[in-house]
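The values are calculated or read from the model by the stated rules, or taken from the named source; none is laboratory data. Predicted model, so just to flag it, every value in this text is computed and none were measured. Please note: Cβ atoms are built from the backbone with ideal geometry, for glycine as well, and neighbour counts cover all protein chains shown.
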Amino acid sequence: MPGYPELMHTALDALDVRGLAEFYRQLLGVQYRPGDETPEDGEDWLVLVDDQGRRVLAFQWVPTLDRPTWPTHDVPKQMHLDFRVPTVDDLERHRKRAEELGASLLYDRTADHEEPLYVLADPEGHPFCLLVG
């Protein structure tokens with residue numbers, strides 16, 4: 001019986017490939033794929049991996065990138081990432097860290113006791129959620 005395709009990573013478009021990779025490297029505590037650690041001129045592709053070397057995210061240079069306008073749909077977000085944390089205290093700590101790293105807050109749903117969350121935008125404008133789950 002044939003197997004199924006396996007997700008390697010999710011790739012995000014970026015105007016500043018190194019800058020966006022560095023944002024997620026610090027936010028998620030992951031590292032660069034061997035060979036991607038040292039910045040080079042004209043970088044157009046970088047990969048982040050976990051402690052076991054499994055791919056987590058990749059970043060590809062594009063010449064233009066319209067920032068999503070969520071929650072309006074003038075420029076749709078097309079996709080977003082969800083990251084869970086175990087407690088509300090962790091949620092607050094990681095939101096603050098994300099903002100210190102360059103994220104901006106788009107939506108605060110922390111009053112929802114069933115699933116408190118924040119929607120933030122990374123430095124290139126891609127929305128992502130931090131939630132207690």
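Only one entry of R67, R109 meets the criterion of being surrounded by 12 or more Cβ atoms within 10 Å (Cβ to Cβ), farther than 18 Å from Y24 by Cα and among the basic types (K, R), and that entry is R109. Here A98 fulfils each of the conditions (1) assigned to a strand (DSSP E or B); (2) buried (at least 16 other Cβ atoms within 10 Å of the Cβ) apart from (1).
Give all pairs with beta carbons closer than 6 Å in which a residue from the stretch 95-111 that is touching a residue at least 24 places away in the same chain (Cβ under 8 Å) meets a residue that is part of a helix (DSSP H, G or I); count only pairs at least 6 apart in sequence or on separate chains. That search, which allows pairs on different chains as well, returns A98/L27; L101/F23; L101/Q26; L101/L27; G102/F23. With respect to the conditions (1) modelled with pLDDT under 95; (2) surrounded by 13 or more Cβ atoms within 10 Å (Cβ to Cβ); (3) not assigned by TED's automatic domain parsing to the domain that holds G19, D36 lacks only one, and its number is (3). Checking each residue in the stretch 112-133 for being in contact (Cβ under 8 Å) with a residue 12 or more places away in the chain and either charged (D, E, K, R) or in contact with a Gly (Cβ under 9 Å, 6 or more places away or on another chain) (or both) picks out E115, L117, D122, P123, E124.
Within the stretch 1-18, the residues that satisfy the criterion of being surrounded by 15 or more Cβ atoms within 10 Å (Cβ to Cβ) and within 20 Å of C129 (Cα to Cα) are H9, L12, D13, A14.
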